[in-house]
1. Scanning for something away from every other protein chain (no Cβ under 14 Å), over 17 Å from A:LYS7 (Cβ atoms) and in a loop (DSSP other than H, G, I, E, B), does region B:57-75 turn up at least one residue?
2. What number goes with the only condition from (1) modelled with pLDDT of 90 or more; (2) under 17 Å from the mean Cα position of the chain (by Cα); (3) on the phi > 0 side of the Ramachandran plot that B:GLY57 does not pass?
3. Of all residues being open to solvent by 10 Å² or more (accessible area, probe 1.4 Å) and not basic (Lys, Arg) in region B:91-100, which is nearest to the other protein chains (Cβ to nearest Cβ)? Just the residue, please.
4. Within the set of pairs 6 or more residues apart or between chains, which connect a residue that is over 14 Å from B:SER27 (Cβ atoms) inside region B:138-152 to a residue that is outside any helix (DSSP H, G or I) and polar (S, T, N, Q) with Cβ atoms less than 6 Å apart?
5. Could you tell me which of the residues A:ALA32, A:ALA101, A:ALA28 is modelled with pLDDT under 85, touching a Phe, Trp or Tyr at 6+ places or on another chain (Cβ under 9 Å) and not in a helix (DSSP H, G or I)?
6. Do the conditions hold for B:ILE114, that is, is it in contact (Cβ under 8 Å) with a residue 60 or more places away in the chain and either more than 12 Å from chain A (Cβ to nearest Cβ) or crowded, with 18+ Cβ neighbours inside 10 Å (or both)?
7. Name the residues in region B:231-249 that are under 30 Å from B:THR10 (Cα atoms) and open to solvent by 50 Å² or more (accessible area, probe 1.4 Å), would you?
8. Identify, please: which residue in region B:71-90 is in contact with a strand residue (DSSP E or B) (Cβ under 8 Å, 6 or more places away or on another chain) and open to solvent by 20 Å² or more (accessible area, probe 1.4 Å) and is, among those, farthest from B:ASN37 (Cα to Cα)?
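The values are calculated or read from the model by the stated rules, or taken from the named source; none is laboratory data. Computed from a prediction, not measured in an experiment: that's the story for all the values here. Please note: Cβ atoms are built from the backbone with ideal geometry, for glycine as well, and neighbour counts cover all protein chains shown. The area values use the complete protein model at the heavy-atom level, side chains included, leaving out ligands, DNA and RNA. Shrake-Rupley method; radii C 1.70, N 1.55, O 1.52, S 1.80 Å.
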Amino acid sequence: MKGLLLKDFYMAAKYCRTYILIGIVFIAVSFAGTSGENMFFVFYPCLLCGMIPVNLLAYDERSRWLEYSGTLPYTKAQIVSGKYLVGIIVQGAMLIAVGIAQAARMNLAGSFQFGDFALFMATIFAMATITSSITLPFMFRWGVEKGRIAYYCMIGFVCAAGYLGSVFFTGGTQLAVSRGVLMALLCLAGAGVYAISWFASIAMYQKREVA
Amino acid sequence: MNALEIKNLTKSFPDFSLDHLSLTLPSGCVMGLIGENGAGKSTTIRLILGMLHQDAGTITILGRDNHENIRLTKEEVGVVLDEVGLPECLNTRQVGKVMAGTFRNWNQQEYDRILEKFNLPQGKPFKTFSRGMKMKLGIAVAMSHGAKLLLLDEPTGGLDPVVRDEVVEMFSDFTRDENHSILISSHIVSDLEKLCDYIAFLHKGKLLLCEEKDQLLAEYGMLHCAAHQLEAIDPDAVIYRKSSPYGVQAIVKRQAVPDGLPLSPISIEELFVFMVKEER
């Protein structure tokens, strides 16, 4: 397992360092404004980091590492888990960086409130985990190319569902939940989706014949 | 103990099937898998490693079923695939560190020794390597973690004759230990002829024969004679025949040939080529 993680970090350092740079630049740019209009610059680095495990898997497939790893003393569950652990580490690091930046930004604006800050962090945590959670199981089952098609189909489905939802619930429904409950729901949703995706990927990769 | 036992191994694809393959590789021996492209050599190796799911049959590696604790088994198996799938951005030093975190018995000194023997650069990324250099790195990894069984799929492909000779010698040294064994597939039959104790011919997913190499060479010979002389030999002893205006060339079982007929030795490559032609 240690070897798998080390390999992924060597690869991330080589292929994904631009992601880290973009993240740092975006965080820096988010300081330019103190109100909500720069939230994109805060969310985007986390979404970008969510794509790192997906990209590493694509590089693995291109170099035929997936095939080679089948000859090494790793189980398929370990091969899958390596990618999810890398995801946790890089997204965790970026969340911490974004959190520090956001706290500093709110302090500078004199608007820091722990409740707002915690809700903000819970929101970006949930958003950051979604990207790789949806994509990875498909990619582990059908390979990167077919996995991407499945991902786009899923996005299309989610958009269509969202549109239909907006048509049927035009009146707008206020969620009668407290900020604390909402925060807990977001954290649970993010962690839950990631965990389900993890188990789904293991199950799907077990079925795949990599050769 | 046998290093590898395969019984009735079957795997079907839409356009190909491996048909009830049975092989036994005793410990301390080298078996060469010979077959044309698509004969099932790589499929066999991938089935042994559990990379493909077998439809039927059993595989025992170093005394363990390949479904029980394959992870532990793979600690003791060194593998070189026809395409060495190491990440392109890694250099040999990084590959060593990754493998040290992968194999319990990783031997860094042995790895460094083989890299030096092969003149592989330490700092260059894998993607800049030629096919031969990639193969050498794959061999270095396979031989640096105390493997008892090497599974080699076309390991000498892309190597120049001098390096090929060195590699074959390394494999030969490996099997000096009676607990070490090799299953090797190659198109370069001359390499297998130098190295192997056993030869298995695969053709269209079927095993044509599996015998000791010396036994094969002692059993078969090339006969050049007139057509009527060949007619006098038991037809079951004639493996292949080719007629020309100057006479007949035939691969025959030596025992069936009467004294006095010109019988010459045959190479494994000739035997394989003629057997496949006969099958067709």
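1. Yes; the residues of region B:57-75 include at least one that is away from every other protein chain (no Cβ under 14 Å), over 17 Å from A:LYS7 (Cβ atoms) and in a loop (DSSP other than H, G, I, E, B).
2. Single failed check for B:GLY57: (2).
3. Residues of region B:91-100 that are open to solvent by 10 Å² or more (accessible area, probe 1.4 Å), as a first pass: B:91, B:93-94, B:97, B:100.
Then keep just the ones that are not basic (Lys, Arg); that gives B:91, B:94, B:100.
Details: B:ASN91: 9, B:GLN94: 5, B:ALA100: 7 Å.
Result: B:GLN94.
4. B:SER144/B:ASN107; B:HIS145/B:ASN105; B:GLY146/B:ASN105
5. When all the criteria are applied, what remains is A:ALA32.
6. In short, no.
7. Answer for region B:231-249, where residues must be under 30 Å from B:THR10 (Cα atoms) and open to solvent by 50 Å² or more (accessible area, probe 1.4 Å): just B:ASP236.
8. Only one residue fits best here, namely B:LEU72.
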